[in-house]
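The values are calculated or read from the model by the stated rules, or taken from the named source; none is laboratory data. Please read these numbers as outputs of a predicted model, since none were measured by experiment. Note: ideal-geometry Cβ built from the backbone for every residue, glycine included; neighbour counts use all protein chains shown. Side chains are part of the model used for accessible areas, which takes the heavy atoms of the whole protein and leaves out ligands, DNA and RNA. Shrake-Rupley method; radii C 1.70, N 1.55, O 1.52, S 1.80 Å.
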Amino acid sequence: LVARGMADREPVGGPLRRKFREHEQPWHTRKFDKVREWLQDADPQIFGGKAPAEPNAFLAHTTAILQQASEDLFGEKGMDEARASMTKIPSRAFSDFEPDGALCVLLQSAFAYRRSQGGGPQWFEEQLSDKESASQHLALFAGAEKALLNAGLISRPKLFFSEDLPRVEAERLRGVAKAHNATVVQRVDQATHEILPLTGGGAGKASQIRLLAKQGMIVKVHHGFYPESFDEWLPQSTAGKGRLEPPLPAPKLWKVTARFVQDLERFNEWGVEEDYLPCTPADLEEDDHGRAGAKRKRESLHRAIRARP
């Protein structure tokens, strides 16, 4: 974990609003090799006739357009009608480059929608780059979500609300969860997430970032208490020094604080569970090795996950 020392700069949602354009980088467009091959095998006419001169770059740009439109329509500052219609597609679906993976299915669905609209090569840019015109195509994202759910590539959380939560707050949060198509279960052994009362570390303002990956002199960072769609590449000199901490694998049951659901209401997007691990004031103190409690908690959880049968 690294303290966020960028003059309290708020992270920006959507790849087209950021200074650093990941989707334009050669090392990023190369990741689309398997996606392109899968799409063309599934539908030789996926590009609508003549393939683009640089198909990987075209797919990377199309993916960025879809991500930005998703943020503009369904995100924190999105349109009320759109936000009410569905929860944002998880950001990780846009970065699953495996054959038969989420990005393959998402793009296949998006290209099928474009074809149904009679759109040409520039259709995505023409129709989705402007919020007003993009709002006419909510069905594109609903169709992509349905395809991902049917393929088992995304799933909806099953939440168990702890009896330690205040009754009124628990009822309100259950309503939020159901509005976002989560399942509220009555037994913890049925749940993917157990929702616990807020603790000292779970209620504060985000002040830390995690370094997820490194590419030359830039690092990909995750901002605490922001969804994955706000992850971004920053110069290492700006992000600070620290070791890489890639996302934890999912345990059978996540134990997270109530803010996990509160922030869902704010962002219309499920957050990163690791940000919401229960934390007490003692957890925030450093141990004899200079490790803050949140980091110790992460390391303990990682050991427990690896030891899981």
Just to make sure I understand: if all protein chains stay in place, what is the order of Asp96, Asp164, Asp130, Asp263 by accessible area at 1.4 Å, largest first?
Asp164, Asp130, Asp96, Asp263
Note to self: C-alpha centroids of the stretch 48-100 and the stretch 238-254 sit apart, in Å, by 24 Å
Using a 1.4 Å probe, what is the accessible area per residue for the stretch 51-209, in Å²?
48 Å²
Counting only protein heavy atoms and using a 1.4 Å probe, what share of the accessible area of the stretch 149-192 belongs to carbon plus sulfur, as a whole percent?
46 percent
Hey, with R₀ at 25 Å, roughly what FRET efficiency would Glu132 and Glu54 work out to, going by the Cβ-Cβ distance, to 0.05?
0.25
Of Lys178/Lys255; Lys131/Lys255; Lys19/Lys131; Lys34/Lys214, those spanning more than 27 Å from alpha-carbon to alpha-carbon
Lys131/Lys255
Kindly identify the stretch 122-233 as rounded, prolate or oblate by the Cα gyration tensor criterion: order the square roots of the eigenvalues as a ≥ b ≥ c, call it rounded if a/c is under 1.5, otherwise compare a/b with b/c, prolate if a/b is larger, else oblate.
oblate
